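Just below is one structure, and these are the notes that go with it.
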Amino acid sequence: LLPLGINADCLPVLDVPVQGANDVIGSRAYGHTAQAVADMGLAAAQGLLEGGVLPVIKHIPGHGRAQADSHFELPSVNISRAELIATDGAPFAALNDVPMGMTAHIRYPQIDSEPATLSKDVMSLIRDDLGFDGLIMTDDISMKALQGDLGDLSRKAIAAGCDVILHCNGTLDERRAVAEAAGEMTDAAQARAETALTMRKKPTDIDILALEAELEALLNGRLNAS
């Protein structure tokens, strides 16, 4: 990534998939338990940092139970605040020192009627209960899970506690509207962004061919052969 000029990447995915949920997370999931997801997610985050690229954990506070694809509609996950923190939120709490995170466009009706991205109560859960104080960006504000004017949605997300708005798809006029609605970053958001930048470091020298050979051996079980 870095030689291409890309110095941040929206991974690792820390969602814990639940049987019967929508497969939108699918093979992006690192495992089927919170511990496995946290362990593998930590390795991915460390790998990015060692390569000079900032990781973004997603989708806070958890997308694994969603019964719908948030690209097209708003999923609703009917679990309590305590259960959300203990299960779906566990990998995010374990990696709460990663510099950046991305919200989930999911409604948790036992916490708030608004989707997480627009919810002060869910943002409080992320900050206070999961202990994440990094820069929070929205998932793509133009996804169909969120209904309404993009400018209004952007203002609501900032008011809820998001630091920056992510807008991936749209016309130039829509992008202007989102940028104007998001406005200048708050002092707190700016401080989080500057803290994230301090975590970017010179890439570690590595032998890609040797690592690829090691990975191939691991996948084929050759390193474990007697």
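I want to check the label-to-label distance for A217 and S113. Put each point 7 Å from Cα in the C-beta direction and report it in nm to one decimal.
A separation of 6.0 nm, rounded to one decimal place.
What is the distance in Å between the Cα centroid of segment 58-73 and that of segment 164-212?
Taking the Cα centre of each part, segment 58-73 and segment 164-212 sit 21 Å apart.
Can you compute the modelled spin-label distance between N169 and D121, with each label point 7 Å from Cα toward Cβ, in nm?
Inter-label distance under the simple model: 3.0 nm.
Work out which GluC sites (Glu not before Pro) in the chain are exposed loop sites (DSSP not H, G, I, E or B, at most 16 other Cβ within 10 Å) and give the longest gap free of them. Walk me through the intermediate numbers first.
Numbers: sites that count: E73, E184.
That would be 74-183.
On full extension of the chain, what length is gained from A43 through E83, given 0.36 nm per residue of separation minus the C-alpha to C-alpha distance? The partial results should precede the final answer.
Details: separation 40, 0.36 × 40 = 14.40 nm, distance 2.56 nm.
Contour length minus the Cα-Cα distance gives 11.8 nm.
Taking the Cα-to-Cβ direction at T33 and at A210 and moving 7 Å from each Cα, how far apart do the two end points lie in nm?
For T33 paired with A210, the spin-label model returns 3.3 nm.
Before anything else, pin down the relative contact order of segment 46-148: Cα pairs under 8 Å, at least 6 apart, normalised by residue count, whole percent. Intermediate values should be presented prior to the final figure.
On the way: 177 pairs, mean separation 33.7, N = 103.
Relative CO of segment 46-148 lands at 33 percent.
Enter the accessible area per residue of segment 79-226 (Å², integer; probe 1.4 Å; all protein chains in place).
54 Å²
What percentage of the solvent-accessible surface of segment 156-226, computed with a 1.4 Å probe over protein heavy atoms, is contributed by carbon and sulfur atoms?
Numbers: 2910 of 5310 Å².
Accessible surface attributable to carbon and sulfur in segment 156-226 totals 55 percent.
Rank these by accessible area, largest first, 1.4 Å probe: R176, R107, R65. Please list the in-between numbers first.
Values: R176 120, R107 75, R65 55 Å².
Order by accessible area, largest first: R176, R107, R65.
As a test of reading the structure, rank D112, D207 by solvent-accessible area (1.4 Å probe, protein chains only), most first. Spell out each step's value before the answer.
Details: D112 35, D207 90 Å².
If we order D112, D207 from most to least accessible, we get D207, D112.
Tell me the relative contact order for the chain as a rounded percent, counting alpha carbon contacts under 8 Å between residues six or more apart. Before the final figure, lay out the partial values.
Values: 422 pairs, mean separation 40.7, N = 226.
Answer for the chain is 18 percent.
What angle, in degrees between 0 and 90 and rounded to the nearest 10, separates the Cα long axis of helix 34-50 from the longest principal axis of the Cα atoms of the chain?
80 degrees
Which value in deg cm²/dmol, rounded to the nearest 500, describes the helix-derived mean residue ellipticity at 222 nm for the chain, given -39,500 (n - 2.57) per DSSP H run of n ≥ 4 and division by the residue count? Don't jump to the answer; show the numbers that get you there.
Working: 8 runs with 80 residues, N = 226.
Computed mean residue ellipticity for the chain: -10500 deg cm²/dmol.
Per-residue accessible area for K120 at 1.4 Å probe radius, Å² rounded to 10?
So the heavy atoms of K120 present about 130 Å² to solvent.
The values are calculated or read from the model by the stated rules, or taken from the named source; none is laboratory data. Bear in mind the structure is a predicted one, so any value in this text is a computation, not a measurement. Every residue, glycine as well, gets a Cβ built from its backbone with ideal geometry; the counts of neighbours run over all protein chains shown. What goes into the accessible areas is simple: the full protein's heavy atoms, side chains included, and nothing from ligands, DNA or RNA. Shrake-Rupley method; radii C 1.70, N 1.55, O 1.52, S 1.80 Å.
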